[in-house]
Amino acid sequence: MPVFSFSKLTDVDTILGPEMKSTGEVLGVAKNFEDALYKGLLASGNKMELEGGVLFTVKDRDKEEALEIARRFRNLGFEVYATAGTQKYFAEHGLEATFVNKLTDEEVADVGDLLDSGEITYMVNTTDKGRQPELDEVKMRRKAVERSVHLLTALDTARALAHSLENGKTISEIELVDMTAI
């Protein structure tokens, strides 16, 4: 799994692009995929928390896939939060999510307030709006990184995280593997 150092780079958008390079890699080795995935996610900096909130703010073409992932997090016991368009899509398809404003409205509680509160464990964000620093999307991602909220900018990673958490194990329950015996 790649490891990125976004927390060390101030005022830089955290969305990955073709020019982005990881600053390292980790390897999770185990006797099955779920355990190896868990180890890799943990070693790459994921908190692997089993409680809290997951904030979804995704582009239109990702909403269907994000819905399935949000349901998985809800089934794990997470509170699901979503910005306007995502929350509306989720509601239309039978998943209740707590609405939260983006950062533009200073009069109403927003994503920044929610991130500051510590209620969000993971943030799932996909966008096609660009990477200009003045955009709400960029500001939300930066704030998540600054608040040590694990930011997932690809749905396959969010799905892998949910799958790994569904395994229900902690690191102490995963057997060590002797690399020399493989």
Can you tell me the relative contact order of region 49-168? Whole percent, Cα pairs under 8 Å, sequence separation 6 or more.
28
For ILE171 and ALA84, extending 7 Å from Cα along the Cα-Cβ vector and measuring point to point gives, in nm, a value of 4.1
Quote to one decimal, in nm, the extra length available between ASP60 and ASP156 on full extension: 0.36 nm per residue of separation minus the C-alpha distance between them.
32.9 nm
Would you work out if region 49-168 is rounded, prolate or oblate? Take a ≥ b ≥ c from the square roots of the eigenvalues of the alpha-carbon gyration tensor; rounded if a/c is under 1.5, else prolate when a/b is larger than b/c, oblate otherwise.
rounded
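Bear in mind that the values in this text are calculations on the coordinates, not laboratory data. Bear in mind the structure is a predicted one, so any value in this text is a computation, not a measurement. Virtual Cβ from ideal backbone geometry, glycine too; neighbours counted across all protein chains shown.
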